[in-house]
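Heads up, the thing below is written out as structure tokens.
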Amino acid sequence: MTKRLSSVAGIIVAGALSAGCAIKPPLPPGVVEVQLATLNDFHGNLEPSKYVWDSVRQSEARTVMAGGIDTLGAALQAWRKQDPELLLVGAGDLIGASPPISSMWADEPTLAAMNMLGLRASTVGNHEFDAGRVELLRQQQGGCKSPRATKACKFEADYAGAKFNYLAANVIDMVTRKPVLPAYKIETAHGVKVGFIGTVLRETAETALASGIAGLEFIDEADAINRQLPELRKQGVGVFVVLLHQGGTTVEKFDQQDCSQLTGPVVDVVKRLDPAIRVIVSGHSHKGYLCRVDGRLVTQSDTAGHVMARIKLTVDTSTNTLRGVSATQEVMVPGTWPADPALDAYLKKARERSAAQLARPVAALAVPGVTRDLDDNGESPLGDLVADSVLAAGRPFGVQIAFMNNGGMRQDLDGGAGGRVTIGQAQAVLPFGNKLVVTNLKGWQIEELLEQQWRGGRDAVRGLLQVSDGFAYRWDGRRGEGSKVMPDSVTLNGVPLQKESSYRVMVNNFLAEGGDAFPMFANGVNRAGTDILAVDALTAYLVKREEMGKPAGKAETQKRITRLQ
């Protein structure tokens, strides 16, 4: 065994020992232990993927393969042998922005896998709303009547729905003034009633298609959570766990016990919760932590099923109160636990059903791969490529400028074997199924649109819009909000934009409806929807460029955006 493999094996053994193999002292009379396992931001990652394992138990970070529904199933099977009443719960974004093996089937394989894993409840995340309210309710309840008719009920002839409960205490129907989904779920383990309350970030409206969430209001998370407690107490619940799809970050490692440097929106929410709530399972920021905020445990595991948290609730049954809580993080390394045959077989089936379609070659790239990495100006090679593909698709509609949002591109574009992009790789880059929309904006509106990139500091989260060939501008980070774009620097084919002239613009339908907090797109006139999918525009562009003898893709950005300071 090489030194590296030996080290990784040692880490795996350490992880297994922390999973509960040690002999535990008996609990005092009248005290029971309720065990939870938690997932967040799974995003349809049925298969394992690379994970950078940077633990307090190692001297240096190591990259391993982790996750996959087969490994999750194996871990849960082993843990349930220790405690058959273990409860698996989620903190949102189980689906959406998924790899093609899941997204091409409307994420139905992922939801079926969650059923097989024994998931009991999960809050909705913002990505559960990617295809809109109607589709979310179908995914919960089952059936084949879907706005994504080409994908729904194609993996199995009849989709039966999620057996677990999606929760949404702060997603309110504007007509009924009630939550569109249950606000909470009560589960009983070892005779203890545990109330799970679910909420999604209140800024979800900025991240979802406006047409898909029409009639819904996303209210303050803490207020929505606190108002559930009287009703839960009437039903005999004294132990409360919040499933919160809102997160933060910390410089501390993902498995650092009682970390204390957590920052971000989750902290404000936690500090305003009722004192009776002492456990918060969070998500959204894709950062692992085991922190304490005002004495409460706040956890998050990694994205893509790389890590699951294990939480132990020590409960006094005589007073129906939580006496103590602790947690660990368990990295989902394949082979650590004995296989779960049912999940192994299901993953094999999903792979076989998807492989032939996803492996179809599209075209060659000019480089081995095109990355989403942003340069100091705020531009990325992949952003350039995708924006150019949108522009090319829009030429028959008179389009002059195309924009692309960073959040819509979920992976780098890999040239794959022989340097040829496959259908699966293209879909991994653009998994949302967005269609392209054309509209007209005046020059002054485009300049205002660019200024919206920095409004409220959102550029730190979403980055800058990626722009198509021929469009360029300069900006200065020292200038105040609303005036960062340098005067007269916005040009099209080298000519400054005229404030009152109208320009034909193409974007995906998410941006066209004002998504990502770009309301100016929604103000466009002469709007026309197309039936062109963004991913189809990308593949068509790659094919055309190869046919011209000029394969697309660059390793570096094209310097369309210039930052002065």
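If the condition is being touching an Asp or Glu at 6+ places or on another chain (Cβ under 6 Å) and over 29 Å from residue 29 (Cβ atoms), then the range 166-196 contributes 170, 172, 174, 180. Only one of the numbered conditions (1) under 23 Å from residue 506 (Cβ atoms); (2) out of contact with any Gly (no Cβ under 6 Å at 6 or more places or on another chain); (3) open to solvent by less than 50 Å² (accessible area, probe 1.4 Å) is violated by residue 424, and that is (1).
Considering the range 38-125, the qualifying helices (runs of 4 or more DSSP H), each wholly inside and each with 2 or more residues that are under 24 Å from residue 412 (Cα atoms), run over 100-103, 108-117.
For the range 121-171, a residue qualifies if it is more than 21 Å from residue 187 (Cβ to Cβ), polar (S, T, N, Q) and either open to solvent by 30 Å² or more (accessible area, probe 1.4 Å) or touching a strand residue (DSSP E or B) at 6+ places or on another chain (Cβ under 7 Å) (or both), and the qualifying residues are 126, 150. Looking at residue 118, is it of a type outside the set (Asp, Glu), out of contact with any Asp or Glu (no Cβ under 9 Å at 6 or more places or on another chain), surrounded by fewer than 18 Cβ atoms within 10 Å (Cβ to Cβ) and within 30 Å of residue 195 (Cα to Cα)? It is true that residue 118 is of a type outside the set (Asp, Glu), out of contact with any Asp or Glu (no Cβ under 9 Å at 6 or more places or on another chain), surrounded by fewer than 18 Cβ atoms within 10 Å (Cβ to Cβ) and within 30 Å of residue 195 (Cα to Cα). Residue 373 fulfils the conditions (1) closer than 20 Å to residue 553 by Cβ; (2) surrounded by fewer than 21 Cβ atoms within 10 Å (Cβ to Cβ); (3) in contact (Cβ under 8 Å) with a residue 40 or more places away in the chain except for a single criterion, (3). The criterion of at least 1 residues that are out of contact with any strand residue (DSSP E or B) (no Cβ under 7 Å at 6 or more places or on another chain), over 22 Å from residue 42 (Cα atoms) and open to solvent by 30 Å² or more (accessible area, probe 1.4 Å) is met by the following helices (runs of 4 or more DSSP H) wholly inside the range 193-297: 221-226, 229-234, 265-271. Among the residues making up the range 315-348, those that are assigned to a loop (DSSP other than H, G, I, E, B), among the β-branched types (Val, Ile, Thr) and within 27 Å of the chain's Cα centre (by Cα) are 333, 336. In the range 472-507, of all residues being under 17 Å from residue 398 (Cα atoms) and of a type in the set (Gly, Ala, Ser), the one that is surrounded by the most Cβ atoms within 10 Å (Cβ to Cβ) corresponds to 502. Of the residues making up the range 172-192, those that are exposed (fewer than 13 other Cβ atoms within 10 Å of the Cβ) and either small (Gly, Ala, Ser) or touching a strand residue (DSSP E or B) at 6+ places or on another chain (Cβ under 8 Å) (or both) are 174, 178, 191.
Take residue 188 and tell me if it is assigned to a strand (DSSP E or B), of a type in the set (Ser, Thr, Tyr), on the phi < 0 side of the Ramachandran plot and in contact (Cβ under 8 Å) with a residue 40 or more places away in the chain. Considered against the rule, which asks whether it is assigned to a strand (DSSP E or B), of a type in the set (Ser, Thr, Tyr), on the phi < 0 side of the Ramachandran plot and in contact (Cβ under 8 Å) with a residue 40 or more places away in the chain, residue 188 comes out as no. Taken residue by residue, the range 448-466 has no member that is in a strand (DSSP E or B), over 22 Å from residue 408 (Cα atoms) and in contact (Cβ under 8 Å) with a residue 24 or more places away in the chain.
Taking first residues from the range 21-48 that are open to solvent by less than 30 Å² (accessible area, probe 1.4 Å) and of a type in the set (D, E, K, R) and partners that are modelled with pLDDT under 95 and outside any strand (DSSP E or B), the Cβ contacts under 8 Å between residues at least 6 apart in sequence or on separate chains come to 41/302.
In the set (1) on the phi < 0 side of the Ramachandran plot; (2) in contact (Cβ under 8 Å) with a residue 12 or more places away in the chain; (3) not basic (Lys, Arg), residue 378 fails one condition alone, (1).
If you go through the range 481-523 and keep only what is aromatic (Phe, Trp, Tyr) and in a helix (DSSP H, G or I), you end up with 510, 521.
State which residue is farthest from residue 371 (Cα to Cα) when the search covers only the range 457-471 and only residues that are out of contact with any strand residue (DSSP E or B) (no Cβ under 7 Å at 6 or more places or on another chain) and either open to solvent by 40 Å² or more (accessible area, probe 1.4 Å) or among the polar types (S, T, N, Q) (or both). Result: 458.
Summed over the range 204-226, the residues that are under 18 Å from the mean Cα position of the chain (by Cα), at pLDDT 95 or above and acidic (Asp, Glu) give a count of 0.
None of 229, 273 is in contact (Cβ under 8 Å) with a residue 12 or more places away in the chain and within 28 Å of the chain's Cα centre (by Cα) except 273. Condition test on residue 498, is it more than 29 Å from the chain's Cα centre (by Cα) and at pLDDT below 95? So residue 498 does not fit the description; no. Selection within the range 427-454: residues that are touching a Ser or Thr at 6+ places or on another chain (Cβ under 9 Å) and β-branched (Val, Ile, Thr). The member of this set that is most open to solvent (accessible area, probe 1.4 Å) is 437. Taken over the range 133-150, the criterion of being at pLDDT below 95 and out of contact with any Asp or Glu (no Cβ under 8 Å at 6 or more places or on another chain) is satisfied by 149, 150.
Going by the structure shown, is residue 339 among the small types (Gly, Ala, Ser), open to solvent by 30 Å² or more (accessible area, probe 1.4 Å) and modelled with pLDDT under 95? For residue 339, the condition - among the small types (Gly, Ala, Ser), open to solvent by 30 Å² or more (accessible area, probe 1.4 Å) and modelled with pLDDT under 95 - is not met. Residue-level check: of (1) modelled with pLDDT under 95; (2) assigned to a helix (DSSP H, G or I), residue 535 misses just (1).
For the range 386-421, residues that are part of a helix (DSSP H, G or I), open to solvent by 10 Å² or more (accessible area, probe 1.4 Å) and under 15 Å from residue 551 (Cβ atoms) total 4. Scanning the range 68-111 for residues that are over 23 Å from the mean Cα position of the chain (by Cα), aliphatic (A, V, I, L, M) and open to solvent by 10 Å² or more (accessible area, probe 1.4 Å) gives a single hit, 78.
The values are calculated or read from the model by the stated rules, or taken from the named source; none is laboratory data. All figures in this text were calculated on a predicted structure; none of them were measured in a lab. Glycine gets a Cβ as well: all are built from the backbone with ideal geometry, and neighbour counts include every protein chain shown. Heads up: the accessible areas ignore ligands, DNA and RNA and are worked out on the full protein's heavy atoms, side chains in. Shrake-Rupley method; radii C 1.70, N 1.55, O 1.52, S 1.80 Å.
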